[in-house]
Amino acid sequence: MNPRLILTLSFIGLACAPEAPPAAAPKTPPAAPSSAPASAPASGPQQVLDQMDTRVAVPLLPMMAHHQKQNMRDHLVAVQEIVLAAANDDFTGVEKAVARIGFSDQMGQMCNHMGAGAPGFTEQAIAFHRTADRISAAARDKDRARVLSELGATLQVCTGCHAVWKQQVVDDPTWQALGRSGPPAH
Ligand code: HEC
C-alpha cells in the first residue's frame, strides 16, 4: 500500500500546454502500478527527492513536462515585462505582456482538457489566467498602483500552485493506464 502513490496517480495536469493526450476522469482514479516512477530503484535519488518534496505529483509524459516548463518560463518572462512596462507607465506594454498569460476561450479549453484527470489543477490554472486579466483591466484604466496589486494577486496564484504540485515524469505505459481509466476527455 502506498497512499501517496495512489493520490499521485489520481492527479494529472499540465498548465495549459496544448499537446497533452486525454487524461483520466476525476471520479475514476486509476489503479496504481507497483512503483512510480517505474525505473527508480528502491532507494534511488528520485525516491530520496520525493521523500523531501511531498507536493502532489502531476504525472506527465516527458514531452508534456518539457512543454509545461517552457510555458512556465514564459510566464516568468511575462511577469518581467509587466514590471518593466509598469515602471515606465507603459500601459500598452503592460497589456501586451499580460496577453501572454491572460484568459481566452482557447486557453480555457486547454486548461479543461489538460486538467481532466487532475482534480483542482484546472481550477487553479483558470483562476491564474483570470487573475492575470485583472492586470489588463487596471492597465486600461492607466492605474499603476492597481496594475501592481493585481500583479501581486496573480503571483499569489503562481506560488499557490507551486506550493501544491510538482511534476512527475512517467513512461508511456503508465500514462496510457491513466488515460484508459476514465472516459475520453474530448
Ligand atoms: C496551475 C498551476 C501553476 C500555475 C498557476 C503556475 N505554475 Fe509555474 N509551475 C507549475 C508546476 C506544476 C511546475 C513544475 C514544478 C516542479 O515540478 O517542481 C511549475 C514550474 C515553474 C517554473 C520552473 C520552470 C523550469 O524550467 O523548471 C517557473 C519559472 C514557473 N513555474 C513560473 C511560474 C510563474 C511566473 C507563474 C505565474 C505568473 C506560474 N508559474 C504559474 C504549475 C503552475
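Tabulated values for the structure
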{"quantity": "Residue that is modelled with the highest pLDDT, among those in the range 37-65 that are away from the ligand (no atom under 15 Å from the Cβ) and part of a loop (DSSP other than H, G, I, E, B)", "calculated": "GLY44"}
{"quantity": "Among residues of the range 66-95, those that are part of a helix (DSSP H, G or I), more than 22 Å from the chain's Cα centre (by Cα) and over 19 Å from CYS158 (Cβ atoms), counted", "calculated": "5"}
{"quantity": "Members of the range 50-71 found to be among the hydrophobic types (A, V, I, L, M, F, W, C) and touching a Phe, Trp or Tyr at 6+ places or on another chain (Cβ under 9 Å), listed by number", "calculated": "VAL56, ALA57, VAL58, LEU60, LEU61, MET64"}
{"quantity": "Residues located in the range 41-78, provided they are of a type in the set (D, E, K, R) and under 16 Å from VAL164 (Cβ atoms)", "calculated": "ASP50, ASP53, ARG55"}
{"quantity": "Inter-residue pairs, beta-carbon under 8 Å, first at positive phi and in the range 77-103, second surrounded by fewer than 20 Cβ atoms within 10 Å (Cβ to Cβ), 6+ apart", "calculated": "ASP89/LYS142; ASP89/ARG144"}
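The values are calculated or read from the model by the stated rules, or taken from the named source; none is laboratory data. Because the structure is predicted, anything quoted here is derived from the model rather than measured. Backbone-built Cβ (ideal geometry, glycine too); neighbour counts: all protein chains shown.
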